[in-house]
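Peer 1: Below you will find the structure I want to go over with you.
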Amino acid sequence: MLIPAIVAGIGTLIPIVYLVLRAFDADLATVQRLVLRERTWTLMVNTVALTAGVLVLSTVMAVPLAWLTVRSDLRWKRLITILAVVPLAIPGYVVAYSLISLGGANGFLSTLLGTVVPRPSGYWGAVAALTLYTYPYLFLNVRAALLGLDPSLEESARSLGHGGRAVVWRVILPQMRPALLAGWLVIALYVLGDFGVVALMRFEAYSYAIYLQYSSAFDRTYAAWLSLILLALTLAIVATEGRLLGKRKYARTGSGSQRAVVMTRLRRWSPLAYGYVALVMLSALGLPFLVLASWMVLAPPSAEAWLSVLEAFLRTASVAVPAAIITALAAMPIAYLAARVRIPGSQLIERLAYLGYAIPPVSLALAMVFFSLRSVPWLYQTMAILIVAYVISFLALAIGPIRSALMQVPPRLEEAARSLGRRPFVAFFQTTFPLIRRPVVAGTALVLMVAMKELPLTFLLAPTGFTTLSVRVFTRTSEGMMAEAAPFALAIVLFSSLFVGLLVSYEGRR
Amino acid sequence: MSDVTPLPHPSATVVEVRGITRRYPRTEHAAVDDLDLDVAQGEILCLLGPSGCGKTTLLRLIAGFEMPDAGRVRIAGTIVADADTWIEPERRRIGFVFQDYALFPHLNVRQNVAFGLRQGSKTARLKQADAVLDLVGLTIFADRYPHQLSGGQQQRVALARALAPAPAVILLDEPFSNLDAALRGSTRDEVRQILKRTGTTAVLVTHDQEEAMTFADRLAVMRSGRLEQVGTPEGVYERPATAFVASFLGRTNLVRGEGDGSTARTPLGNLALARPAHGQVLLSVRPEALGFSTNGTGTPVRVMQREFKGHDLTYTCQLADGERLKVVVQTGPGCPVCVGDVVPVVICGAAVPLEASTASRPRA
């Protein structure tokens, strides 16, 4: 168990080491001239502004929605909750594609209405697209925290003489803090790591600039430096979240069971609430689905086009399936180590896996390029290097569910099996494994789904001509061929939605 | 079920522990400290001690779930752990019954019991499992899953699972502590009968002195990683070696005295001694060995408290001459003495001179 875990953990570090090596290739004067120019600063401002904009807008979207589905007498709350989470299945570049499809001379609105509406692009385009696909992360966190709020705390505050607004500020908000921070962290990581949206919206945030530098200019040292700065920014945000969260405890301290919540009556506000929910649903879910459906009607793809969609789908699966299986196999020993083995360093290996998840994909892709060119040139531009990058990037997704399941299985079971004559490895597979099989399958499926729609790693690392579904959507959209991109985008959205549905029902059983 | 005949050599040693030591990192004292122990074939030995005394660690050292820092363990003649040998738990021929039973939740009762059976075809193994289930009286539950059973039933499945491969010794870690009081007594009797019927050698860990005394053939009282006393329940109760054993196993009066061979001078008068002692000595006098005299002889005491328990009466008294010595006296339920009375107390039996505790002796 130990050795594979260490190998997998250390593996995360190797590409970063190469990134650093490449960055310090140039002499110091060159580095200074490169890094300390105004452009670096502009990119920083752009990236931070983009992150801030998405955080504000997603908070405005997610928090009222979460409160309405938990604490109000709104109807169809379950349905609304499910619909609010579905955008998780829609990749950012598809949302950007739908937004872009609306405007322009060849756009959907001009075809439909005959007037040319300008295409959304730049800062606001990027903020809109990123918000529409990341807000569910905040929604889910806030919703869970609201569900966990003890109504008697609010009642205590009222009995101590605090009015409604004071209760919100002094009781509810402090308790929501961990959830808000966790949701914001995930969203910030997505924004920093995003490539598809900023590239399609042509907004110069770090990841897009790194790509431009890497693909058009020949100076790769600057690309390496930008990647390192982006990585540093990401780690700074992770560290800030940890510091803001602190070590405070937010759980109930007393005993006794929690009482049921009294739902707030919306009364005359309810039309406003329904209107708000409808607006959020329409923009986050309705927009991509309506745009895609309309393209199917307006410009139905030929049989040939569908054939090439199938071809791209199979090609995508041919890397995503092995990547998912390898990721799960690597995640198991790491999760086991983190949950069961009390030796110094066992937590560290798990942290490294999470680091792999936090590395912005464009930085990781570049690091893999440098690593393979320098050390294993025969692997450069092969499926193997792409799969390795997937594993590094998605390892944490598989570790999470496996680790929490392992925590619930008593270690005594394995000891019992050993007292009945089983070798340690056999004991694990006969007693613990059957109990964590579901999370292992769920983790594998999650990685598979994420890998199926992955864009930046695939775009930068895949062998020449190896075009997956996501690469097709991206290249067609950037060339303005909106109708041609539609069937590929539809395939991704349908596959992801189907998978999310399957995953939810699989987890829900038993 | 008398067809399961006990193995021969009833006096053979099945478990032999010599000088075993286990020290946890960042702790001052060893959890198990240079300890020796023997368990004979077919014997039920109870390890009794307060929580944190190292009894569970000792059991896990025998099982091989913990590695000793020093010492030797021999099971059924084979060295399983010493400075050069380490045999994994799965090769030790032990059975282990866990405090929380650790039944496999994904297997039914029959599959749980058959888990440790490795020889023969699958049907043969399941048949063998059924035979063991019959032994513990759970045949009708064979197809159920652990969560569908009561605590007492789960307990017996755990026992059946551990017994099925016919281990050299079965190790039980506080197996009755998760049962409610009403069920505990009857389950204990059943388990003891099953162990005796199969002639199984067993080591049971408990902190419950009543459980230890009713269950054990031999009792080993543990404190701070060392054995204080080993002997039959009657022997240990009647002749405790140390003050710790005397007060951990039931109630007792600890009385200081001056020994001169067969008797000792004490605040309670001249007491006969169970074994000869000289000079300053600490004595254990059980409450039931004391009584109120009706003919005026004895040491006068003042009754401070009276507890009626149905089958007997316990009086807490103080010496009437002002010396601060608390005396606990146990009498039959019909005793007329009341709180505030001053009555003479006499001893009927011998006082037991105690040694200094092994735990307070200097450590190696």
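The values are calculated or read from the model by the stated rules, or taken from the named source; none is laboratory data. Here the structure is a predicted model, which means the values were calculated and not measured. Here the Cβ is made from the backbone with ideal geometry for all residues, glycine too, and neighbour counts use every protein chain on show. Ligands, DNA and RNA are excluded from the accessible area calculation, which covers all protein heavy atoms including side chains. Shrake-Rupley method; radii C 1.70, N 1.55, O 1.52, S 1.80 Å.
Peer 1: I'd like the mean, over residues of A:417-430, of how many other protein chain beta carbons sit within 10 Å of each residue's own Cβ.
Peer 2: Across the residues of A:417-430, the mean count of other-chain Cβ atoms within 10 Å is 6.
Peer 1: Placing +1 on the Cβ of each Lys and Arg and -1 on the Cβ of each Asp and Glu in the range A:162-220, which of A:Y208, A:V186, A:G196 has its Cα farthest towards the positive end of the resulting dipole?
Peer 2: A:V186
Peer 1: Still on this structure, I have one more. Before I look further, what does chain B give for accessible area per residue, probe 1.4 Å, in whole square angstrom? Could you put the intermediate results ahead of the total?
Peer 2: On the way: 16520 Å² over 364 residues.
I get 45 Å² per residue for chain B.
Peer 1: Also, I was wondering about something else. Using amide H atoms built 1.01 Å from N in the peptide plane, name the residues 5+ places from A:V117, or on other chains, whose amide H lies under 5 Å from its own.
Peer 2: Residues meeting the criterion, in which the H sits 1.01 Å from N, are A:G104, A:S110.
Peer 1: Right, here's the next one. Tell me, what HN-Hα J-couplings in whole Hz come from the Karplus equation 6.51 cos²θ - 1.76 cosθ + 1.60 at θ = phi - 60° for each residue of the range A:409-423, using x for Gly and Pro?
Peer 2: Using θ = phi - 60°, the values come out as 8, x, x, 4, 4, 5, 5, 4, 5, 6, 5, 9, x, 9, 5 Hz.
Peer 1: Additional query: Using only alpha carbon pairs under 8 Å that are at least six residues apart, calculate the relative contact order of chain A and give it in whole percent.
Peer 2: 22
Peer 1: State the antiparallel share, in %, of DSSP beta bridges confined to the protein assembly as shown, rounding to the nearest 5.
Peer 2: On the way: 58 of 78 bridges.
So the antiparallel bridges in the protein assembly as shown amount to around 75 percent.
Peer 1: Given H placed 1.01 Å from N in the peptide plane, which residues other than close sequence neighbours of B:A70 have an amide H under 5 Å from its amide H?
Peer 2: Under 5 Å from the amide H of B:A70: B:T21.
Peer 1: Would you list, by chain and number, the aspartates and glutamates whose Cα falls below 20 Å from the Cα of B:K326, excluding same-chain residues fewer than 8 positions away?
Peer 2: Filter leaves B:E258, B:E288, B:E307, B:D312, B:D341.
Peer 1: With charges set only on the Cβ (+1 for Lys and Arg, -1 for Asp and Glu), what does the dipole of the range A:407-510 come to about its Cα centre, in debye to the nearest 20?
Peer 2: So the magnitude is around 560 debye.
Peer 1: Pick out, from B:Q330, B:P167, A:A389, the residue whose Cα sits farthest towards the positive end of the charge dipole of the protein assembly as shown, with +1 on the Cβ of Lys and Arg and -1 on the Cβ of Asp and Glu.
Peer 2: Farthest towards the positive end: A:A389.
Peer 1: Would you mind getting the accessible area per residue of chain A, heavy atoms of the protein chains only, 1.4 Å probe, in Å²?
Peer 2: Accessible area per residue, chain A: 46 Å².
Peer 1: Which whole-number percent gives the relative contact order of the range B:6-130, counting Cα pairs below 8 Å spaced six or more residues apart?
Peer 2: It comes to 20 percent, rounded to a whole number.
Peer 1: Here is a further query. Modelling each spin label as a point 7 Å along the Cα-to-Cβ direction, I'd like the A:S294/A:L329 distance in nm, to one decimal.
Peer 2: The modelled label-to-label distance comes out at 4.7 nm.
Peer 1: Size of the dipole of chain B about the Cα centre, Lys and Arg at +1 and Asp and Glu at -1 on the beta carbon, nothing else charged, in debye to 20?
Peer 2: Computed charge dipole of chain B: roughly 540 debye.
Peer 1: I'd like the mean, over residues of B:93-104, of how many other protein chain beta carbons sit within 10 Å of each residue's own Cβ.
Peer 2: Shielding by partners across B:93-104 averages 4.
Peer 1: Between B:T294 and B:S247, what is the FRET efficiency for a Förster distance of 25 Å, r being their Cβ-Cβ separation, to the nearest 0.05?
Peer 2: That pair, B:T294 with B:S247, gives E of 0.25.
Peer 1: Given only helices, namely DSSP H runs of n ≥ 4 each adding -39500 (n - 2.57), what is the per-residue ellipticity at 222 nm of the protein assembly as shown, to the nearest 500 deg cm²/dmol?
Peer 2: -17000 deg cm²/dmol
Peer 1: Give the distance, in whole Å, between the Cα centre of the range A:414-439 and the Cα centre of the range A:127-149.
Peer 2: 38
Peer 1: Separation of the range A:448-510 and the range B:191-231 by C-alpha centroid, Å?
Peer 2: 65
Peer 1: Between B and A, buried accessible area summed over both sides at probe 1.4 Å, in Å² to the nearest 100?
Peer 2: The summed interface area works out to 1800 Å².
Peer 1: Taking the Cα centre of each part, how many Å lie between the range B:8-80 and the range B:321-351?
Peer 2: That distance is 42 Å.
Peer 1: Could you list which residues have their amide H under 5 Å from that of B:A202, counting only those 5 or more apart in sequence or on another chain, with H placed in the peptide plane?
Peer 2: B:E43, B:I44, B:L45, B:I170
Peer 1: Simple spin-label model, 7 Å along Cα-to-Cβ: A:Y276 to B:R18 in nm?
Peer 2: For the pair A:Y276/B:R18, the computed spacing is 7.9 nm.
Peer 1: Can you tell me the FRET efficiency between B:D321 and B:H278 if r is taken as the Cβ-Cβ distance and R0 is 41 Å, rounded to the nearest 0.05? Kindly include the intermediate steps, with their values, before the conclusion.
Peer 2: Numbers: r = 26 Å, r/R0 = 0.63.
The computed FRET efficiency comes out at 0.95.
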